[in-house]
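> Encoded as structure tokens, here's the structure I'll be asking about.
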Amino acid sequence: MQVTVLGSSGRTGTHIVRLLCARDYAVRAGVRSRQRGEEVARFGARPVVADVAADPEELVQAFEGSQVVINTAGAGDPDPASVNLVDRDGAIAAIHAAEKAGVQRYVQLSAQFADSPDQGDRLVRSILLAKQISDSILRRSSLSWTVVRPGTLTDDPPTGRVKIAGHLEAGRVSRADVAAVVVASLEEPLTESRGFDVHSGEVPIAAALSSLD
């Protein structure tokens with residue numbers, strides 16, 4: 001199975017690429033420039049230029065031949081204009097490009113409270129609003145979709161254990177564990193056409209996903 005990962009050189013995207021390559025997926029690592037590709041190429045991925053804020057037709061070309069797209073791209077600048085460019089408009093462009101390229105499965109890394117921005121931290125409200133819109137577009141698309149909404153991300157070591165539910169109170173989770181959840185969701189049918197929150201927890205990842213109701 002061929003998977004294209006957007007935002008592959010980011011802190012969570014890098015974990016996802018590494019795990020996919022370790023599981024022998026054929027991985028295209030989407031990067032904004034060739035210079036960023038060296039970091040993910042060492043895992044065995046093939047870097048491709050795929051910038052959600054650039055020409056949508058380039059995204060179509062990057063996705064062609066892939067069965068799965070995983071979007072982990074996020075604005076590096078919290079300015080609302082930058083957030084809307086990447087997390088809203090760019091994410092929507094990537095969804096439409098995936099449909100046009102014949103992609104079957106699409107996994108979007110969102111954020112907790114993106115489904116209810118008024119309940120989230122006001123400091124990140126613009127991000128939550130942008131993700132709410134792109135998540136909604138994905139749900140209405142022709143793609144088999146999954147939206148993963150992690151709590152506050154940390155750089156702690158992976159534990160392999162999480163808490164997953166449709167809605168959770170505010171919490172934290174490591175980027176490494178979120179990456180493992182994203183990759184494991186490709187092999188769990190219950191995650192299709194589902195959105196869910198993820199925190200650190202006590203349940204092994206595969207068991208947590210297989211118990212989604």
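> Using the Cα gyration tensor of segment 83-166, with a ≥ b ≥ c the square roots of its eigenvalues, what is the shape: rounded (a/c below 1.5), prolate (a/b larger than b/c) or oblate (neither)?
oblate
> Sticking with this structure for a sec: Indicate, rounded to the nearest 5 percent, the antiparallel portion of the DSSP beta bridges found entirely in the chain.
Of all bridge pairs located within the chain, approximately 15 percent are antiparallel.
> Hey, another quick one. Quick one: Kirkwood hydrodynamic radius for the chain, alpha-carbon pairs, angstrom, one decimal?
One decimal place: 16.7 Å for the Kirkwood radius.
> Add +1 for every Lys or Arg and -1 for every Asp or Glu among the other residues with Cβ under 9 Å from the Cβ of Ser134, and state the total.
Within the 9 Å Cβ shell, the charges total -1.
> Using R₀ = 45 Å, calculate the FRET efficiency as 1/(1 + (r/R₀)^6) where r is the Cβ-Cβ separation of Gln119 and Ala22; round to 0.05. Before the final figure, lay out the partial values.
Numbers: r = 36 Å, r/R0 = 0.80.
Rounded to the nearest 0.05, the efficiency is 0.80.
> Compute the separation of the alpha-carbon centres of segment 56-106 and segment 1-34 and state it in Å as a whole number.
Using only Cα atoms, the two centres lie 14 Å from each other.
> Of the beta bridges DSSP finds with both residues in segment 82-174, what % are antiparallel, to the nearest 5?
0 percent
> Same structure, new question: Please identify the longest segment of the chain free of exposed trypsin sites (Lys or Arg not before Pro), where exposed means a DSSP state other than H, G, I, E or B and no more than 15 other Cβ atoms within 10 Å.
Result, exposed sites excluded: 43-139.
Just so you know, all these numbers are worked out from the coordinates, no wet-lab data involved. None of these values were measured; they are calculated from a predicted model. Backbone-built Cβ (ideal geometry, glycine too); neighbour counts: all protein chains shown.
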